[in-house]
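S.K.: I am attaching a structure below and will ask some questions about it afterwards.
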Amino acid sequence: MSNQETSKSVFLNVNGVSYPVTIDGGRNLLSVLRGEIGLTGTKEGCDDCECGACMVLVDGQPVNSCSYLAAQTQGREITTIEGVAPSPEEMDPLQTNILEAGGVQCGFCTPGMILSARALLERTPHPSEEEVRIGLSGNLCRCTGYARIVEAVQRTAAGAKTATGDTGQ
Amino acid sequence: MTTTEIPRFVRADGPDKVTGSGRYTADLTLTGMLAAKFKYSGISHGRITRLDVTAAREMAGVLAVLTDADVPDVHYDPQIKDRTLFARDIVRFEGEIVAAVAALTPEIAEAAVAAIIVEYEELTPILDPEAAMDKSSPLVHEDWESYEAGSWLVRSGNTASFSSLERGDVDAGLAEADQIISSRYVADGSHAAPIEPRAVVAQWEGNKVTIWTSTQVPFDARAGVCETLQLPTNRVRVIVPHLGGGFGGKCGFHFEAHVAALARTAGRPVRLVFSREEEFTIPDRRREGIVVELTTGVRKDGSITARKANVVIDCGAYIADTAFFPQLAAMHAVGPYLVPNLMVESQIVYTNHQPSGSVRAPTAPQVCWALESHIDEVAKAINMDPVKFRLKNAVDTGMVGPLGQTYEEIGLRRCIQQATEAAGYGQELPENEAIGVAIGWWPSFASASGSYVKLDDDGAGQIITGAQECGTGAVMTLRQLAADELGMKPEDFEIIYQDTATGPYDMGATGSQTLLNNGRAVVEASQQIAEQLRELAADRLEAAPADIVLADGKAQVAGSPESAVPLSKLAAIAGSGKLLLGHGSGSPPVAPPIVGANCVGDQGMASWVGPQFSCHAVRLRLDPETGVTRVISVHADHDSGTIINPMGAHGQVEGAIIMGIGQALTEGTRYDETGKQMNTSLLEYKLQTAADSPSIHTQFVEVFTENAGPHGAKGLAEAPNIATAAAVANGLAKLIGSPMRQLPMTAERVWDTISEGGS
């Protein structure tokens, strides 16, 4: 592998922070986020675009970061699960609702699920149950059977819950 | 209960999991850490004629290359010691580990693996378990007789473990029948498929090793490392970071020792992370393929006179933890029915497939699918409604079950009545729709288990437990049990868990046993502290300890709430004297005796502590043009005893049902003619998505159960994974006019069955 020939220095904007990284042109965004930038909240489940555990937002659009070239994200805004909460003391309503509705078990799919849900609510603020189910169909969950995750997204859409710092309950 | 009525239960590990701050094993990085890769056999059966790792060892950046020659000469596996860490002479499935490499980067490790030279004399793969039982079949393990094995096991050639269940006189029973119905069903293997592929990190300091691993059973993993690397338990520490699901697939010990051995040789920490393809093909935890043959004698009035059954389970290349599967499968070939005469023979047979192992309710969904399909055939043969047939023959409170266990109060019949009523069973449905009904049962597994509970001098609590959380919420629920005993709130407790160096022994997230066994331990430990608190409070409040009530964070005199002292004050007093420490393990409940039945190859599965029961009613729609099945709704009723954490319980049932629908319709391992798996990605091995999933309506028939878990609870995590595929099958059979004989019941198979005009 001739890293010297293909690698280049770029700035990646992740969760509002600009990170200087030197990367191989063929490197996927997931491995750069986890390996270079040190944000491990984004998970690898299949490296094949099938499970959605690696979902992040690039300029608000959900992408499977396992199959997205890191170099293509230069100059764009990347949001990972670590960037969803408004502050360390406060969670986003989606996070609170997915927890309170019982939509979290092992938690491995949860980051990708939350980012897909966020993108869905951006484009469809008041989705029907069917729209939520279709919107989340790229994210596999093996624990919950989906019903409580769907409910959490609908609760969020309905504004049933505002952001809260009540994270330790 | 509808979703919104279920009491709120926020998990202690929830904030870690929704913010991305929680660490899973593959997220860990240690200074100087190397990457591990394995060299696999890639063939199902062969004799190694040459193994040369010289070139790999000489590569720049490679710090360790290990083979069978580099580790202690130890055979392992829980009941039959048929396995070595690395292949020795013979490879018996495509995922056999021939060598392991640790290198500076995954890319270098991969290049080193490619540089390892292995040559084989290829042997004919043994792939059909029924043919492998024949005396003339070649053997998967030529030396099977020399393996150390449990003396209670009945073994012969490729038959790794045989069990039978016998009661009454089956031939006389069949002779009494008005009708005799025989059927044969074949279930393919499948996978647990947790979303987190497994990972292991190992680091040595001096002569002690710490292993972080995505296991459901940290103490078993430790025992495996100790056995294979010949270390005492106190020099091996197994820590499980957050675990990304398991469903049985991460039970047992396997790769921890390979990674620890690499780290010791390299003198550096080493990390192994599986790809999805490895997750499918390598672990000895495939859900087993099973062939089930059933014969039932029945009278015109619907009473069963006899059952004869033969069950053949595909073991794959090594026994792993499956030696008890034949008896468990035999129980499911009987089912929760009154059967006066029975003879079930059941065996698990070595083949050159990937090894089987405990996946969520091992053997049960497959054999339940076969039995419940058969039961619908039997009911149809005598023109009786299948639900009525079940209500007539199902076991109930006070009855003696098919193996002679007398049942205390159980809720099976209520499950059947409630689930079918809620589903609208019997009402007219649109064209191409049907409701299929099936029932299931499952034991609760009693085991030794320990926990400490302590209150520090500010009154904050800790539960220090050996229990393992794999997502179910069982460990999270322990806070509730401690809080109830001490008059505190669940959030007053932190949980220290899944670390073999801090918590007492627990069997792990396996056998639906966490709350059942560790829950009892936590209650016992909490009661010891409660007693201490009452004594301290009695001194201060001038009352007898027996009159002190712990509630709302205070100790108060019963009937005089104004006479109270905060627990934090008592904790401060204890902090400079006798500390508030509790420890519990308790005696596991003992299984009731079986009466009037004989079991050959008994594995203790013929009588069950805290038996659980379920009924699933599945409404589905079939497109007869394409064979595509759409599940519309599932009504599930469960007797799992007292429900302690309703939200967690509903979550278990819902997740298991979606898994069951996958098993019913899409999830099945396909092999090529050499025994290698063909569908090893999530594109080809289809899990259910949010868009596929039906509405699920769960009700619990709560029966307080003595001789079980805390507050009368039974297990729960596996039971809801049993009856769904069977109920789907029975719905389909109504629409097709004949049963489906193969699992999964893919669109192609359904279409074929329709085209053949039934089977």
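S.K.: Of the residues that sit in segment B:230-246 and are within 19 Å of B:Glu279 (Cα to Cα) and surrounded by 24 or more Cβ atoms within 10 Å (Cβ to Cβ), which one is farthest from the other protein chains (Cβ to nearest Cβ)?
M.R.: In the first step, residues of segment B:230-246 are kept if they are within 19 Å of B:Glu279 (Cα to Cα); the result is B:240-246.
In the following step, the residues that additionally are surrounded by 24 or more Cβ atoms within 10 Å (Cβ to Cβ) were identified as B:240, B:243-246.
On the way: B:Val240: 12, B:Leu243: 6, B:Gly244: 3, B:Gly245: 4, B:Gly246: 8 Å.
The extreme case among them is B:Val240.
S.K.: Please find, within segment A:18-40, the residue that is surrounded by the most Cβ atoms within 10 Å (Cβ to Cβ) out of those that are in a helix (DSSP H, G or I) and within 13 Å of another protein chain (Cβ to nearest Cβ). Working first, answer last.
M.R.: From segment A:18-40, those in a helix (DSSP H, G or I) are A:29-37; that's our starting set.
Checking the rest, the ones that are also within 13 Å of another protein chain (Cβ to nearest Cβ) come to A:30-31, A:33-37.
Values: A:Leu30: 24, A:Ser31: 18, A:Leu33: 26, A:Arg34: 21, A:Gly35: 14, A:Glu36: 16, A:Ile37: 20.
Filtering segment A:18-40 for residues that are in a helix (DSSP H, G or I) and within 13 Å of another protein chain (Cβ to nearest Cβ), the one surrounded by the most Cβ atoms within 10 Å (Cβ to Cβ) comes out as A:Leu33.
S.K.: Across segment A:41-72, what is the total count of residues that are assigned to a loop (DSSP other than H, G, I, E, B), at negative phi and away from chain B (no Cβ under 13 Å)?
M.R.: Step one: list which residues in segment A:41-72 are assigned to a loop (DSSP other than H, G, I, E, B), which gives A:41-54, A:59-60, A:68.
Filter once more, so that each one left must be at negative phi: A:41-46, A:48, A:50-51, A:53-54, A:68.
Checking which are away from chain B (no Cβ under 13 Å) leaves us with A:68.
The total comes to 1.
S.K.: Right, something else. Tally time: how many residues in segment B:679-711 are within 14 Å of chain A (Cβ to nearest Cβ), in a loop (DSSP other than H, G, I, E, B) and either among the polar types (S, T, N, Q) or within 23 Å of the chain's Cα centre (by Cα) (or both)? Don't jump to the end; show me each part of the working.
M.R.: The initial filter retains those residues of segment B:679-711 that are within 14 Å of chain A (Cβ to nearest Cβ), namely B:679-698.
Now narrow it down to the ones that are in a loop (DSSP other than H, G, I, E, B): B:679-694.
Those still in the list that are either among the polar types (S, T, N, Q) or within 23 Å of the chain's Cα centre (by Cα) (or both) too: B:679-682, B:685-689, B:693.
Summing the residues that are within 14 Å of chain A (Cβ to nearest Cβ), in a loop (DSSP other than H, G, I, E, B) and either among the polar types (S, T, N, Q) or within 23 Å of the chain's Cα centre (by Cα) (or both) in segment B:679-711 gives 10.
S.K.: Right, something else. Return the pairs, sorted by first residue and then second, in which the second residue is loosely packed, with under 14 Cβ neighbours inside 10 Å and among the β-branched types (Val, Ile, Thr), the first residue lies in segment A:64-91 and is without any contact (Cβ under 8 Å) to a residue 12 or more places away in the chain, the beta carbons are less than 6 Å apart, and the residues are 6+ apart or on different chains.
M.R.: none
Conditions (1) within 21 Å of A:Cys46 (Cα to Cα); (2) in contact with a helix residue (DSSP H, G or I) (Cβ under 9 Å, 6 or more places away or on another chain); (3) in the same structural domain as A:Leu29 (by TED's automatic domain parsing), marked per residue:
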residue: A:Arg76; (1), (2), (3): no, no, yes
residue: A:Gly102; (1), (2), (3): no, yes, no
residue: A:Pro127; (1), (2), (3): no, yes, no
residue: A:Arg142; (1), (2), (3): yes, yes, no
residue: A:Glu151; (1), (2), (3): no, yes, no
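S.K.: Hey, another quick one. Given the criteria of a type in the set (S, T, N, Q), touching a residue at least 40 places away in the same chain (Cβ under 8 Å) and in contact with a Pro (Cβ under 9 Å, 6 or more places away or on another chain), does A:Thr42 qualify?
M.R.: The answer is yes for A:Thr42.
S.K.: Can you name every residue in segment B:572-596 that is in contact with a Pro (Cβ under 8 Å, 6 or more places away or on another chain) and either without any contact (Cβ under 8 Å) to a residue 40 or more places away in the chain or part of a strand (DSSP E or B) (or both)?
M.R.: B:His583
S.K.: Report yes if some residue within segment B:372-384 is in a strand (DSSP E or B) and touching a strand residue (DSSP E or B) at 6+ places or on another chain (Cβ under 7 Å); otherwise report no.
M.R.: If we filter segment B:372-384 for residues that are in a strand (DSSP E or B), which is where we start, we get none.
Scanning segment B:372-384 turns up no residue that is in a strand (DSSP E or B) and touching a strand residue (DSSP E or B) at 6+ places or on another chain (Cβ under 7 Å).
S.K.: Within segment B:738-749, does at least one residue satisfy the condition of being in a helix (DSSP H, G or I), without any contact (Cβ under 8 Å) to a residue 40 or more places away in the chain and surrounded by fewer than 22 Cβ atoms within 10 Å (Cβ to Cβ)? Give the steps one after another, and end with the answer.
M.R.: Here is the first cut: in segment B:738-749, the ones in a helix (DSSP H, G or I) are B:747-749.
Adding the requirement that they be without any contact (Cβ under 8 Å) to a residue 40 or more places away in the chain leaves none.
Checking segment B:738-749: not a single residue is in a helix (DSSP H, G or I), without any contact (Cβ under 8 Å) to a residue 40 or more places away in the chain and surrounded by fewer than 22 Cβ atoms within 10 Å (Cβ to Cβ).
S.K.: Can you tell me which residues in segment B:577-587 are over 18 Å from B:Gln462 (Cα atoms) and surrounded by fewer than 19 Cβ atoms within 10 Å (Cβ to Cβ)?
M.R.: From segment B:577-587, those over 18 Å from B:Gln462 (Cα atoms) are B:577, B:586-587; that's our starting set.
B:Gly577, B:Ser587 - these are the residues of segment B:577-587 that are over 18 Å from B:Gln462 (Cα atoms) and surrounded by fewer than 19 Cβ atoms within 10 Å (Cβ to Cβ).
S.K.: Moving to a separate point now. Report, ordered by the first and then the second residue, all pairs with beta carbons closer than 7 Å, sequence separation of six or more or different chains, a first member in segment B:165-194 that is in the same structural domain as B:Thr746 (by TED's automatic domain parsing) and part of a strand (DSSP E or B), and a second member that is among the basic types (Lys, Arg) and surrounded by fewer than 22 Cβ atoms within 10 Å (Cβ to Cβ).
M.R.: Between residues of segment B:165-194 that are in the same structural domain as B:Thr746 (by TED's automatic domain parsing) and part of a strand (DSSP E or B) and residues that are among the basic types (Lys, Arg) and surrounded by fewer than 22 Cβ atoms within 10 Å (Cβ to Cβ), there is no close pair.
S.K.: For segment A:81-115, which residues satisfy the criterion of being more than 7 Å from every other protein chain (Cβ to nearest Cβ), assigned to a loop (DSSP other than H, G, I, E, B), surrounded by 23 or more Cβ atoms within 10 Å (Cβ to Cβ) and of a type in the set (A, V, I, L, M)?
M.R.: Scanning segment A:81-115 gives a single hit, A:Ala101.
S.K.: Also, I was wondering about something else. Tell me which of these B:Ser146 doesn't satisfy, since it passes every other one: (1) surrounded by 14 or more Cβ atoms within 10 Å (Cβ to Cβ); (2) free of Cβ contacts under 8 Å to residues at least 40 places away in the same chain.
M.R.: Condition (1) is where B:Ser146 drops out.
S.K.: I need a count of the residues in segment B:6-28 that are out of contact with any Gly (no Cβ under 8 Å at 6 or more places or on another chain), within 8 Å of chain A (Cβ to nearest Cβ) and within 15 Å of A:Lys43 (Cα to Cα).
M.R.: The total comes to 3.
S.K.: I'd like the full set of residues that are surrounded by 24 or more Cβ atoms within 10 Å (Cβ to Cβ) and small (Gly, Ala, Ser), limited to segment B:476-487.
M.R.: B:Ala482
S.K.: Could you please give the count of residues in segment A:113-130 that are hydroxyl-bearing (Ser, Thr, Tyr) and over 8 Å from the mean Cα position of the chain (by Cα)? Don't jump to the end; show me each part of the working.
M.R.: Looking only at segment A:113-130, we keep the residues that are hydroxyl-bearing (Ser, Thr, Tyr), and these are A:116, A:124, A:128.
Narrowing the set further to residues that are over 8 Å from the mean Cα position of the chain (by Cα) leaves A:124, A:128.
Of the residues in that region, 2 qualify.
S.K.: Another question, if that's okay. Quick one: which residue in A:Arg118, A:Arg148 is within 29 Å of B:Val475 (Cα to Cα) and either facing chain B (nearest Cβ under 8 Å) or assigned to a helix (DSSP H, G or I) (or both)? Walk me through it before giving the result.
M.R.: On the way: A:Arg118 fails: within 29 Å of B:Val475 (Cα to Cα).
After applying the criteria, what remains is A:Arg148.
S.K.: Sticking with this one: Name, by its number, the condition in (1) under 26 Å from A:Cys109 (Cβ atoms); (2) buried (at least 23 other Cβ atoms within 10 Å of the Cβ) that does not hold for B:Gly22.
M.R.: Just one mismatch for B:Gly22, condition (2).
S.K.: Only residues that are crowded, with 22+ Cβ neighbours inside 10 Å and either within 26 Å of B:Phe493 (Cβ to Cβ) or touching a helix residue (DSSP H, G or I) at 6+ places or on another chain (Cβ under 9 Å) (or both): list them for segment B:39-55, please.
M.R.: Narrowing segment B:39-55 to residues crowded, with 22+ Cβ neighbours inside 10 Å: B:39, B:44-46, B:53.
Within segment B:39-55, B:Lys39, B:Val53 qualify.
S.K.: Criterion first (among the charged types (D, E, K, R) and crowded, with 20+ Cβ neighbours inside 10 Å) does A:Lys43 satisfy it?
M.R.: On the way: among the charged types (D, E, K, R): yes; crowded, with 20+ Cβ neighbours inside 10 Å: yes.
Answer is yes for this residue.
S.K.: Here is a further query. Does at least one position in segment A:38-48 carry a residue that is at pLDDT below 95 and outside the structural domain of A:Leu120 (by TED's automatic domain parsing)?
M.R.: Yes, the conditions are met somewhere in segment A:38-48.
S.K.: Of these, B:Lys676, B:Lys714, which one is more than 14 Å from chain A (Cβ to nearest Cβ), basic (Lys, Arg) and surrounded by 22 or more Cβ atoms within 10 Å (Cβ to Cβ)?
M.R.: Numbers: B:Lys676 fails: surrounded by 22 or more Cβ atoms within 10 Å (Cβ to Cβ).
None of the other options fit; the residue is B:Lys714.
S.K.: Of all residues in segment B:459-475, which are within 14 Å of chain A (Cβ to nearest Cβ) and buried (at least 24 other Cβ atoms within 10 Å of the Cβ)? Before the answer, list the steps.
M.R.: Pass one, segment B:459-475, residues within 14 Å of chain A (Cβ to nearest Cβ): B:460-461, B:468-475.
Of everything in segment B:459-475, those that are within 14 Å of chain A (Cβ to nearest Cβ) and buried (at least 24 other Cβ atoms within 10 Å of the Cβ) turn out to be B:Gly461, B:Gln468, B:Glu469, B:Cys470, B:Gly471, B:Thr472, B:Gly473, B:Ala474, B:Val475.
The values are calculated or read from the model by the stated rules, or taken from the named source; none is laboratory data. Predicted model only: the values in this text are computed from it and were never measured. All Cβ positions, glycine included, derive from the backbone under ideal geometry; neighbour counts span all protein chains shown.
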